[in-house]
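The values are calculated or read from the model by the stated rules, or taken from the named source; none is laboratory data. It should be emphasised that the depicted structure is a prediction, and the values quoted were computed from it without experimental measurement. Here Cβ is always computed from backbone atoms with ideal geometry, including for glycine, and neighbour counts include all displayed protein chains.
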Amino acid sequence: MSYTSAFKGKKIAVMVASGFNEEQFLIIQKTILDAGGSYTIISRDIGTTNGWASQKWGLSYPVDQSVVETLAIDYDALIIPGGFNQIETLSNDLHVRRILRAFLREDEPVGLAGISTILLTTIDAAKGRKVAASDADTALLIAAGAEIIDKPTVRDKNLITATSGESGITDLLEMLAQVIKENKET
């Protein structure tokens with residue numbers, strides 16, 4: 001059963017910095033739009049932000065809102081696609097940390113793909129969490145107290161984590177939509 005129809009009429013924040021995984025982003029974008037939802041690209045980049053497509057820079061995308069001006073309360077869910085080239089930028093930004101903390105504190109749906117699971121360690125939110133992680137991220141997440149589950153996609157309450165790959169992102173979006181649907185019903 002597909003839950004992606006739960007995105008209809010919902011505002012989804014997609015947080016990125018230059019170097020985000022463009023393949024994952026395009027799957028996220030298509031799924032949300034096909035379901036009748038809307039997304040906002042949130043970034044500390046000004047004007048445009050660039051994707052990373054395989055081994056080279058991808059397309060440029062317009063930034064809709066600065067992380068400085070973003071409040072979690074304005075959105076129904078947060079998704080952070082993977083992308084090794086963006087993780088240092090996101091990890092070191094205080095506003096990125098503030099936004100992620102707010103979503104998790106308020107039990108709002110959060111989807112972290114690929115290496116973006118590392119962001120949990122930057123806000124001391126990994127401890128006690130069940131997460132999917134790639135081999136490169138596992139040691140840091142375990143050291144921060146996370147439990148690594150050997151599956152491509154893992155749900156821990158309202159936090160959905162996925163390793164890279166199209167099926168992982170598709171499953172992440174399905175689970176995220178399911179959380180949105182459940183939140184609507186309560």
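Restricted to region 74-91, and to residues that are outside any helix (DSSP H, G or I) and at pLDDT below 95, which residue is nearest to Gln24 (Cα to Cα)?
So, considering only residues that are outside any helix (DSSP H, G or I) and at pLDDT below 95, the one nearest to Gln24 (Cα to Cα) is Gly82.
Report every pair of residues separated by at least 6 positions or lying on different chains whose Cβ atoms are under 9 Å apart, first residue within region 169-186 and more than 17 Å from Ile28 (Cα to Cα), second in a helix (DSSP H, G or I).
That search, which allows pairs on different chains as well, returns Lys181/Ser5; Lys181/Ala6; Glu182/Ala6; Lys184/Ala6.
Give me the residue from region 14-67 that is part of a helix (DSSP H, G or I) and acidic (Asp, Glu) and, out of that set, surrounded by the fewest Cβ atoms within 10 Å (Cβ to Cβ).
Only one residue tops the list, namely Asp34.
Name every residue in region 156-170 that is over 13 Å from the mean Cα position of the chain (by Cα) and outside any loop (DSSP other than H, G, I, E, B), in order of residue number.
Matches in region 156-170: Asp156, Glu166, Ser167.
In region 152-167, what residues are out of contact with any Gly (no Cβ under 7 Å at 6 or more places or on another chain) and either under 25 Å from Trp52 (Cβ atoms) or of a type in the set (Gly, Ala, Ser) (or both)?
Within region 152-167, Val154, Leu159, Thr161, Gly165, Glu166, Ser167 meet the criteria.
Right, Gly128: under 25 Å from Glu182 (Cα atoms), buried (at least 23 other Cβ atoms within 10 Å of the Cβ) and not polar (S, T, N, Q) or not?
It is false that Gly128 is under 25 Å from Glu182 (Cα atoms), buried (at least 23 other Cβ atoms within 10 Å of the Cβ) and not polar (S, T, N, Q).
What is the number of the single condition among (1) in contact with a helix residue (DSSP H, G or I) (Cβ under 6 Å, 6 or more places away or on another chain); (2) crowded, with 21+ Cβ neighbours inside 10 Å; (3) assigned to a helix (DSSP H, G or I); (4) free of Cβ contacts under 8 Å to residues at least 60 places away in the same chain that Ser116 does not meet?
Checking Ser116 against (1) in contact with a helix residue (DSSP H, G or I) (Cβ under 6 Å, 6 or more places away or on another chain); (2) crowded, with 21+ Cβ neighbours inside 10 Å; (3) assigned to a helix (DSSP H, G or I); (4) free of Cβ contacts under 8 Å to residues at least 60 places away in the same chain, the one that fails is (1).
Looking only at region 123-152, count how many residues are part of a strand (DSSP E or B) and under 18 Å from Leu104 (Cβ atoms).
Total meeting the criteria: 3.
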